[in-house]
1. Near K99, which lysines are there with a Cα under 30 Å away, not counting those fewer than 8 places off in the same chain?
2. Can you compute the modelled spin-label distance between V35 and R171, with each label point 7 Å from Cα toward Cβ, in nm?
3. Based on the Cβ-Cβ distance of Q124 and F94, what FRET efficiency does E = 1/(1 + (r/R0)^6) give at R0 = 41 Å, to the nearest 0.05?
4. Can you put S54, S131 in order of Cβ neighbours within 10 angstrom, beginning with the fewest?
5. Which of the peptides 140-146, 184-190 is most tightly packed, and how do the rest follow, going by the mean number of other Cβ atoms within 10 Å of each residue?
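Throughout, read-outs are computed from the coordinates displayed, never taken from laboratory work. Everything numeric in this text was worked out from a predicted model, so none of it was measured. Cβ coordinates were reconstructed from backbone atoms using ideal geometry, including for glycine residues, and neighbour counts include every protein chain displayed.
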Amino acid sequence: MAKLYQTLFLIISISYFFSPELITASPAGASQKAVNFIQSSCKTTTYPAVCFRSLSAYANAIQTSPQRLAETALAVTLSRVQSTKLFVSRLTRFKTLKKREVEAIKDCVEEINDTIERLTKSVQEMKLCGSAKNQEQFAFHMSNAQTWTSAALTDENTCSDGFSGRFMDGRIKNSVRARIVNMGQETSNALSLINAYGKKY
């Protein structure tokens, strides 16, 4: 039952962040000021090119708001993790997999589930940051958001480590690790933007 509630909350969270106003936003129709703001903010992240590529489509909704930028980055990351989980889960359908490969895949899915849970909690804390009535409340929820997002990064690294052994099929290992790396990059960027927002309150 707990898993069901987590799933429902996740769907609600994604629906909130990926509302029509976000989906329809595009660089072509966005103000240059908004695009420049995203580009400038992304330069402070570890993976600026990934950051700008994933967030520039939402420039109209973000405008020049550090809060909206951080929230959108987190929502995009959460969506990426969801799609990665689906991809990795489907790998168990291959009948040629060895037992150790199957175990590594299942362990990775568990880690991704933990990532989803932690990012979902971070989404919730970020919403509470936006409604904070004072510096103390903001700092409390911001600290929680930073902690959950940082913990999500640890889960992703653990999943990737499980595919580092020689026993893994090369094609499967490479395809999974490529997606985990991308997932980790977006999570790292989201954390950077959350930190930047925290400093501007």
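1. K3, K85, K173
2. Using points 7 Å along Cα→Cβ, the separation is 4.0 nm.
3. My answer for the efficiency is 0.70.
4. Details: S54 23, S131 9.
Exposure proxy ranking, most exposed first: S131, S54.
5. In descending order of packing, they fall as 184-190, 140-146.
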